[in-house]
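Structure first, commentary second.
The values are calculated or read from the model by the stated rules, or taken from the named source; none is laboratory data. All values reported here derive from a predicted model rather than from experimental measurement. Note: ideal-geometry Cβ built from the backbone for every residue, glycine included; neighbour counts use all protein chains shown.
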Amino acid sequence: MSYFIKPESQDPLLQPFTGPDFDLIETILWENGSYFLRDLHLARLERSAKHFLFVYNIQEINGFLDHAVLSFDKNEKYRIRLVVKKNGKLQLSSQELDIPEKLPVKVVISPSRTDAMDEFLYHKTTNRKLYEHELTKCRSNGFFDSIFLNQTNEVTEGAISNIIIRKGDEYFTPPLSCGLLPGVYRDYLLNIREDIILKEKLLFIEDLKSADEIFMINSVRKMVPAIL
């Protein structure tokens, strides 16, 4: 299902971004009758809207999100995809959450390298052709996700996930400076959740191979155990 609304007003001082044509997106888990980590999602969305000079109205977005789920079954889990257009128009689609049948999932290292200077790596947008291509390719070969390295061979993230490794009782994830999305669940683990002490650290392929555990994380699936 999809919904569209038009913001009540637009700031005439906001100028359109002159780069590639794209939209902002947030993918949110709806469970137990509410949006999981809603405030963190909207805070990230607002940062990206300000960065790219998108029209952004938090009151409109909150009302839109609340209205969109009125008919949802509270006993089900849904994956919600919110899209924000440059002019502030909103679109929402939803589907019941699918759970991986077999754990741990298999992941693969992408042969493509990313550039940490690419600003789009730090924002969730529809300008993600490389990630979509690599995800489609890895899924066709039976893998859950494709892990990227940057131009200096540092581990960054998956096409749909941030990455965590466990060594002993310590958990590590690559720093944002490597060129990766500031994931909402990553933020939650770093700053809010207390039973896992997550630290930022440069990671390389050797770290993944020697890790006691690898997790592919995002705010929809949370922590998914993975193997190379």
Original post:
Limited to region 161-177, what total is found for residues that are under 14 Å from A226 (Cα atoms) and crowded, with 20+ Cβ neighbours inside 10 Å?
Top reply: 5
Original post:
Do you know which residues across region 82-99 are closer than 24 Å to A226 by Cα and either among the acidic types (D, E) or surrounded by 14 or more Cβ atoms within 10 Å (Cβ to Cβ) (or both)?
Top reply: E96, L97, D98
**OP:** Find the residue count for region 173-228, including only residues that are among the β-branched types (V, I, T) and more than 22 Å from Y122 (Cβ to Cβ).
**Re:** 6
Original post:
Which residues, taken from region 66-106, are free of Cβ contacts under 8 Å to residues at least 60 places away in the same chain and farther than 22 Å from R221 by Cα?
Top reply: L70, S71
**OP:** Of all residues in region 93-147, count the ones that are assigned to a loop (DSSP other than H, G, I, E, B) and either among the aromatic types (F, W, Y) or under 30 Å from S71 (Cα atoms) (or both).
**Re:** 9
**OP:** Can you run down the residue pairs with Cβ atoms below 9 Å, 6 or more apart or on separate chains, where the first is in region 30-41 and assigned by TED's automatic domain parsing to the domain that holds N75 and surrounded by fewer than 17 Cβ atoms within 10 Å (Cβ to Cβ) and the partner is among the aromatic types (F, W, Y) and outside any strand (DSSP E or B)?
**Re:** G33/F72
**OP:** Look at region 166-204 and say how many of its residues are within 18 Å of E154 (Cβ to Cβ) and either among the charged types (D, E, K, R) or at pLDDT below 95 (or both).
**Re:** 5
**OP:** Give region 100-122 a look and list any residue that's crowded, with 16+ Cβ neighbours inside 10 Å and over 27 Å from E213 (Cα atoms), or say none.
**Re:** F120
**OP:** Count, please, the residues in region 48-61 that happen to be closer than 19 Å to H123 by Cβ, part of a helix (DSSP H, G or I) and either among the small types (G, A, S) or free of Cβ contacts under 8 Å to residues at least 40 places away in the same chain (or both).
**Re:** 5
**OP:** Assess whether F64 counts as being surrounded by 15 or more Cβ atoms within 10 Å (Cβ to Cβ), part of a loop (DSSP other than H, G, I, E, B) and modelled with pLDDT of 95 or more.
**Re:** no
Original post:
With respect to E76, is the statement that it is at pLDDT below 95, of a type in the set (D, E, K, R) and over 28 Å from D212 (Cα atoms) true?
Top reply: yes
Original post:
Just checking, how many residues over region 173-226 are of a type in the set (S, T, N, Q) and outside any helix (DSSP H, G or I)?
Top reply: 3
